[in-house]
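For reference, the structure is listed below as structure tokens.
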Amino acid sequence: MSQSSHTGSDRSSVTPQFLIAFGQTISELSTERIVGVELLARWRSADGGVLLPADFLPMIDGLSLSAALDNRMIRTAAEFLSSAGSLIEFVSVNVGADHLVSGALVDSVQEIVETTGFNPTQLMLEVTEVSDHTTGPWNRNIERLQQLGVGVAIDDFGTGFSSMTRLIDAPINMVKVDKTLVERIDDTGCRALLRGIVEYAIESDTSLVAEGVETPTQANKIASLGIRYAQGFLFGRPAPLPTLRLDPPAASKLGGPGTLSLNEPVATATALPNGATVYRQARTFQTAS
Ligand code: G
Ligand code: MN
């Protein structure tokens, strides 16, 4: 960065202190329970606007700054888990495939686990295959993360370079089915392929998340195929972490009747350090089949 040709104001727009973390919830379809939160990096620009990764990633040229962004988000995940970790099962963070393949990611994660003391089994790292990386380092570093207790998810599965052989060679913990496949859920071929992924997930104990679920119809079709988890605007839009609601919805998002579960407490309240109170309600829903 010291050799950057950016002007002063441009530089301030890519200075890490303007990084903010949004979160988007991930729900279990059968219960509509919120099981996880994906952290999404946003940058506050110099003029006060919010930049999406598509806007700022082109400014991050080179591995070292994008690795710094990954590490910063992993630290944010550790902080978030210290306040909300008892309410959810995991927090996921998007990391660069080059960062994973280089091995530096594993070293950083290990250092953050040691210095912050968060529970590594509550961290999921999402990686998107953007090119045909060498299999050896890819598999080895995934295995090292898993040995630390950290989970690995393949993001945007079904598009780009994500390949089936990767899944066969290196067992991962979660597959996130890309939004483009969710949009084609009525397509016979798409459904057949997804059924295959569901079989794979059962066989290898991999969690399946459908991404970009926007309608109750999509959610019900996804659920009936056997995909367990979903994420998308239907369940919650990305929002700044302090405003994120982790309690179940008051009414079923899938259109089924909501029923209170009688064998669990009606609600437990947890005070967060930011002063907000999170109510976790024991509520189960029947999904329309
Ligand atoms: O590649 P990845 O899955 O990490 O991308 C997450 C991005 O997808 C977020 O920036 C978020 O704003 C967007 N997103 C999440 N859910 C939906 C959705 O239901 N519809 C659309 N159009 N975008 C979504
Ligand atoms: Mn992601």
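Summary of values
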quantity: Yes/no for LEU145 being touching a residue at least 24 places away in the same chain (Cβ under 8 Å) and more than 28 Å from ARG245 (Cβ to Cβ); calculated: yes
quantity: Among the residues listed as VAL113, VAL152, VAL130, VAL175, the single one being surrounded by 13 or more Cβ atoms within 10 Å (Cβ to Cβ), in a helix (DSSP H, G or I) and touching a helix residue (DSSP H, G or I) at 6+ places or on another chain (Cβ under 8 Å); calculated: VAL113
quantity: Any chance ALA219 is within 22 Å of VAL91 (Cβ to Cβ), in contact (Cβ under 8 Å) with a residue 60 or more places away in the chain and within 16 Å of ligand 1 (Cβ to nearest atom); calculated: no
quantity: Neighbours by Cβ (under 8 Å, 6+ apart or cross-chain): first from segment 96-121, acidic (Asp, Glu); second in a helix (DSSP H, G or I); calculated: ASP98/LEU63; ASP98/SER66
quantity: PRO240, sole failed condition from (1) within 26 Å of TRP43 (Cα to Cα); (2) in contact with an Asp or Glu (Cβ under 7 Å, 6 or more places away or on another chain); (3) modelled with pLDDT under 95; (4) not charged (D, E, K, R); calculated: (2)
quantity: Residues of segment 63-104 satisfying the condition of being among the acidic types (Asp, Glu), modelled with pLDDT of 95 or more and more than 17 Å from ALA21 (Cα to Cα); calculated: GLU89
quantity: Subset of segment 18-71 [more than 16 Å from ligand 1 (Cβ to nearest atom), of a type in the set (D, E, K, R) and outside any loop (DSSP other than H, G, I, E, B)]; calculated: GLU28
quantity: Test: residue in segment 142-149 that is within 16 Å of ligand 1 (Cβ to nearest atom) and over 22 Å from SER27 (Cα atoms); calculated: no
quantity: In segment 34-56, residue nearest to VAL106 (Cα to Cα) [restricted to those that are loosely packed, with under 15 Cβ neighbours inside 10 Å and within 19 Å of the chain's Cα centre (by Cα)]; calculated: PRO53
quantity: Count - residues of segment 200-216 that are closer than 11 Å to GLN231 by Cα and outside any loop (DSSP other than H, G, I, E, B); calculated: 3
quantity: Selection within segment 222-235 - in contact (Cβ under 8 Å) with a residue 24 or more places away in the chain, over 13 Å from the mean Cα position of the chain (by Cα) and not in a helix (DSSP H, G or I); calculated: GLY226, ILE227, ARG228, PHE235
quantity: Subset of segment 127-180 [touching a Phe, Trp or Tyr at 6+ places or on another chain (Cβ under 8 Å), closer than 16 Å to GLU203 by Cβ and either hydroxyl-bearing (Ser, Thr, Tyr) or within 14 Å of ligand 2 (Cβ to nearest atom) (or both)]; calculated: VAL175
quantity: Those residues of segment 181-194 which are in a helix (DSSP H, G or I) and either within 16 Å of ligand 2 (Cβ to nearest atom) or among the aliphatic types (A, V, I, L, M) (or both), in sequence order; calculated: LEU181, VAL182, ALA192, LEU193, LEU194
quantity: Any chance ILE197 is part of a helix (DSSP H, G or I), touching a strand residue (DSSP E or B) at 6+ places or on another chain (Cβ under 7 Å), free of Cβ contacts under 8 Å to residues at least 60 places away in the same chain and buried (at least 16 other Cβ atoms within 10 Å of the Cβ); calculated: yes
quantity: Lone unmet requirement of (1) in contact (Cβ under 8 Å) with a residue 12 or more places away in the chain; (2) farther than 30 Å from ARG33 by Cα for GLU126; calculated: (2)
quantity: Residues that are more than 15 Å from ligand 2 (Cβ to nearest atom), of a type in the set (A, V, I, L, M, F, W, C) and under 19 Å from the mean Cα position of the chain (by Cα), drawn from segment 57-78; calculated: ALA67, ALA68, ALA78
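The values are calculated or read from the model by the stated rules, or taken from the named source; none is laboratory data. Only a predicted model underlies this, so the values are computations on that prediction, with no experimental measurement involved. Cβ coordinates were reconstructed from backbone atoms using ideal geometry, including for glycine residues, and neighbour counts include every protein chain displayed.
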